[in-house]
Amino acid sequence: MEEELVTLAIHTFEKAQILKTILEAEGVEVSIHNVNLIQPVISAGVRVRIKKSDLPHALRIIEDVRWLNDSDEEKEVQEVRKKILIPVDFSDYSIKACEIGINYANLIDAEVMLLHAYFNAYMPSSFPYVAYEMGAGTTDNDESFKEIVRKVEADIGNLCAHIDRKMKEGTLPDIKYEYTLREGLPEEEIISFAKDYRPTLIVMGTHGKKQKNRDLLGSVTGEIIELTKAPLLAIPEEIPFDDLKYAKQVAFATSFNQHDLIAFDKFVELVGNYKDATIQLFNISTSKNEWNEIRLTGFNEYLKKNYPDLKIEYTVISDGDLLEAVEKFVTDKHIDVIALSAHRRSMITRLFNPSIACKMLFHSNTPLLVIPV
């Protein structure tokens, strides 16, 4: 009987070939799949597959070689310990994010870190002359800053007391969590902290549809979506559940490209523990033509072949306005969570063309799972 093959990694064709060469030099038999036979060098979702019995040896080789760390843009080998980062601002919707994040952490046996970043609008005391010219004494500024810190410490204390009470009552799982306070702009501090912390998932609250007409870049959650390298789950204030186990219909948006195949693997890692959920594939091109039907059907068949245990259905959404089409799809299919991949873009691009993820964030009351690739 032929030994079972497992997927060790998914990379571009070039990286897959490098990894194949390294592993075979160490005696590990490797095969690569998903190569574009016409133009192999443009393949992005190439699977590096090995025998299941070789997996421990192969993982040790990757860890020793550290071959992925040749640039800041390459993904490092993840730490074994899973981590959930929950930025909070003490609003009702960030409390909802805490509940979702803690329940999810309990499911996957992850540690939890609450993060609050506060901005000091007062002139720092290291510039007394400037402060004096502006009519503000340094003593007053120092006291004002101390008052900000006291309020922040009181707020985080109240939030922790709320969480502890719910754990004691049994409405939240009794797991260990920590918190950290950072001074600075929230979006900058969250990204900076996440870079070192390397969370498995960031969980953030949002007003959702109420803010769809506000400046997209004015939202911290929207800014983090554009900048994060970690998957992010945006939780609207008014969702009816506090645990993802109640999400029975999870939609995955696709443009039928290789990035989406990579994102789907990460998506499965994040939601694979929810065995009762049905995954609804849908296109985000708003072009209901025969070609899209064929591509989405092919995408669906590929996923069914590689993920036979998942319940997968697919829909080609109607022509017209993308957000309206998505909203109708969400209503018709009773979607509980929407997932989609996101690509990092320049600031200029983001200013004049906010991403689909950000647009959907402010147009829907449905949780949004954004997966950077």
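Table for the structure above
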quantity: Accessible-area ranking of THR206, THR331, largest first, probe 1.4 Å; calculated: THR331, THR206
quantity: Rounded FRET efficiency, nearest 0.05, which uses the C-beta distance separating GLU269 from ILE18 and R0 of 22 Å; calculated: 0.45
quantity: Area of LEU172 that stays accessible when all protein chains are in place (1.4 Å probe, Å², to 10); calculated: 10
quantity: Where HIS259, HIS116, HIS334 fall by accessible area, highest first, once all protein chains stay in place (1.4 Å); calculated: HIS334, HIS259, HIS116
quantity: Links that overshoot a 24 Å alpha carbon limit, given the list LYS52/LYS305; LYS96/LYS248; LYS51/LYS305; LYS15/LYS311; LYS20/LYS82; LYS51/LYS83; calculated: LYS15/LYS311; LYS20/LYS82; LYS51/LYS83
quantity: Distant-in-sequence amide H partners of ARG182 (H built 1.01 Å from N, under 5 Å); calculated: HIS116, ALA117, TYR118
quantity: Net lengthening on full extension, LYS245/SER91 (0.36 nm per residue, minus Cα-Cα); calculated: 53.1 nm
quantity: Amide H contacts of ILE317 (H built 1.01 Å from N, under 5 Å, at least 5 apart or other chain); calculated: ASN283
quantity: Sites GLU26 and ARG198 - FRET efficiency at Förster radius 35 Å, r taken between beta-carbons, to 0.05; calculated: 0.85
quantity: Paramagnetic reach from LEU107 (point 7 Å along Cα→Cβ, amide N under 15 Å) across the stretch 219-251; calculated: 232-235, 240-251
quantity: Sum of side-chain charges, LYS166 neighbourhood, beta-carbon under 10 Å (Lys, Arg +1; Asp, Glu -1); calculated: -3
quantity: Förster-model FRET efficiency, 56 Å R0, LEU181 and LEU5, C-beta, rounded to 0.05; calculated: 0.75
quantity: In sequence order, calculated HN-Hα J values of the stretch 17-23 (Karplus, 6.51, -1.76, 1.60; Hz; x Gly/Pro); calculated: 5, 4, 5, 4, 4, 4, 5
quantity: Length released on extending from ASP174 to GLU143, taking residue separation times 0.36 nm less the Cα-Cα span; calculated: 7.4 nm
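The values are calculated or read from the model by the stated rules, or taken from the named source; none is laboratory data. Note that this is a predicted model, so its numbers are computed, not measured. Methodologically, a virtual Cβ is constructed for each residue, glycine included, from the backbone with ideal geometry; neighbour enumeration extends over all protein chains shown. The accessibility values were calculated without ligands, DNA or RNA, using every heavy atom of the protein model including side chains. Shrake-Rupley method; radii C 1.70, N 1.55, O 1.52, S 1.80 Å.
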